[in-house]
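Here the structure comes first, spelled out in structure tokens, and everything after it is commentary.
The values are calculated or read from the model by the stated rules, or taken from the named source; none is laboratory data. Remember, it's a predicted structure, so these values are computed and weren't measured experimentally. For neighbour counting, all protein chains shown are included, and Cβ atoms are generated from backbone atoms with ideal geometry for every residue, glycine included. The area values use the complete protein model at the heavy-atom level, side chains included, leaving out ligands, DNA and RNA. Shrake-Rupley method; radii C 1.70, N 1.55, O 1.52, S 1.80 Å.
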Amino acid sequence: MIHCGAVMDQNRRKYCIWVCWMGLLGLGRMAEGGCMEAGKCCKGRDLTCVSKGWRMDREYGTCFCDELCTSTKDCCHDYTQACPARACVVGEWSHWSGCAVQCSPTYRVRRRQVLQEPENGEKPCPNLEEKSGCLEYFTNQGIECGHMYVPAFITTSEYNKERKRRAVSIDLASDTEDSGYCIEFQIESFSPACLTEDRLHARWMLYIRDGYTVCVACQYPAMNVRNHRCYGDGRDAKRDQVLHWQAVGNSKCHGTWKKVREVETCSCPMVHSFIFT
């Protein structure tokens, strides 16, 4: 390598200065290029969105000015300055919509709008729609419905004695109290948790078995004051429709049954006699 300062001959000195000048000019040209000089900043992956210069991976040559160059590591050295990233901005959630279908288990929806799209390699916008389980108990005309989908919350009929005693003590009983009714169900299934219950007040769950007929009484104060019915009694259920029940006191003890008939009073054995709560 020729050191210009060490060359004493005049002609050689001129030649050395010319070589050094050309070298600096070449370095200057290599430093040129990039996204700012090309005036490019493109969406997505665009193979025509190119320039020439140093890349982010410290290689010199063709470099890109599109959004995906940050993941492929072939952006021009000035990409982040020429194409600054902009995060997605979303608005507030809307109010929840009504249920998509009346009187049946369905969903409701809420949405939000994009106020600013993400740019230049920023993360995509978050979810713009959310759904949630939904069940309405009244039609648009105000008629009650959907009760067949409500699980019947049951407990032992022994609890009803204590419930009536407590109602009398606080003067809640009434001479006009509805005498109620009884629904007979045939057990279709039950969860294993029913058979592991060993607490004294919940041992009635141990007597639940597949195929057994049980009686469930609907009595005050579990009865709805508007229609004198208990939720979960399957009053609108079609023949052989599978309904759901859940034991009060152990949320893991639950299962299904089918409605057999409605009678005025229950006549099942005590261990298979329950009440709606």
Does Ala100 count as under 30 Å from Met205 (Cα atoms), open to solvent by less than 80 Å² (accessible area, probe 1.4 Å), assigned to a loop (DSSP other than H, G, I, E, B) and at pLDDT below 90? no
Could you tell me which residue of the range 63-91 is nearest to the chain's Cα centre (by Cα), considering only residues that are hydroxyl-bearing (Ser, Thr, Tyr) and surrounded by 14 or more Cβ atoms within 10 Å (Cβ to Cβ)? Thr70
Quick check on the range 43-50. Is at least one of its residues at pLDDT 90 or above, open to solvent by less than 20 Å² (accessible area, probe 1.4 Å) and either over 30 Å from Glu130 (Cβ atoms) or over 31 Å from the mean Cα position of the chain (by Cα) (or both)? yes
The listed residue being among the aliphatic types (A, V, I, L, M) and more than 30 Å from Asp236 (Cβ to Cβ), out of Val109, Val50, Val101: Val50
Looking at the range 203-266, what strands (runs of 3 or more DSSP E) fall wholly within it and have at least 3 residues that are in contact with a Cys (Cβ under 9 Å, 6 or more places away or on another chain)? 213-218, 254-263
How many residues of the range 81-111 are more than 30 Å from Gln141 (Cα to Cα) and among the charged types (D, E, K, R)? The answer is 2
So the check is Cβ under 9 Å with 6+ separation or different chains; which pairs have a first residue in the range 207-228 that's within 17 Å of Pro192 (Cβ to Cβ) and a second one that's assigned to a strand (DSSP E or B) and open to solvent by 40 Å² or more (accessible area, probe 1.4 Å)? Ile208/Phe190; Arg209/Phe190; Asp210/Glu188; Asp210/Ser189; Asp210/Phe190; Gly211/Gln186; Gly211/Glu188; Tyr212/Gln186
Could you give every pair whose Cβ atoms fall below 7 Å, whose first residue belongs to the range 126-141 and is closer than 24 Å to Leu115 by Cβ and free of Cβ contacts under 8 Å to residues at least 24 places away in the same chain, and whose second residue is open to solvent by less than 80 Å² (accessible area, probe 1.4 Å) and part of a strand (DSSP E or B), counting only separations of at least 6 or pairs across chains? Glu129/Val109
Among the candidates Thr139, Thr155, which residue alone is of a type outside the set (Gly, Ala, Ser), open to solvent by less than 40 Å² (accessible area, probe 1.4 Å) and closer than 30 Å to Ile187 by Cα? Thr155
Hey, any hits in the range 22-34 for a residue that's at pLDDT 85 or above and over 43 Å from the mean Cα position of the chain (by Cα)? yes
Is there a residue being in contact with an Asp or Glu (Cβ under 7 Å, 6 or more places away or on another chain), in contact (Cβ under 8 Å) with a residue 24 or more places away in the chain and closer than 15 Å to Ser179 by Cβ anywhere in the range 234-244? no
Taking the range 267-277 and keeping residues among the small types (Gly, Ala, Ser) and in a loop (DSSP other than H, G, I, E, B) leaves Ser267
Scanning the range 63-87 for residues that are touching an Asp or Glu at 6+ places or on another chain (Cβ under 6 Å), farther than 11 Å from Gly121 by Cα and part of a loop (DSSP other than H, G, I, E, B) gives Lys73
Select from the range 221-233 the residues that are buried (at least 19 other Cβ atoms within 10 Å of the Cβ) and touching an Asp or Glu at 6+ places or on another chain (Cβ under 7 Å) and list them in ascending order. Met223
Can you tell me which residue within the range 103-116, out of those that are assigned to a loop (DSSP other than H, G, I, E, B) and free of Cβ contacts under 8 Å to residues at least 40 places away in the same chain, is farthest from Tyr231 (Cα to Cα)? Gln113
Scanning the range 239-275 residue by residue, those open to solvent by less than 20 Å² (accessible area, probe 1.4 Å) and touching a Lys or Arg at 6+ places or on another chain (Cβ under 9 Å) turn out to be Leu243, Ile275
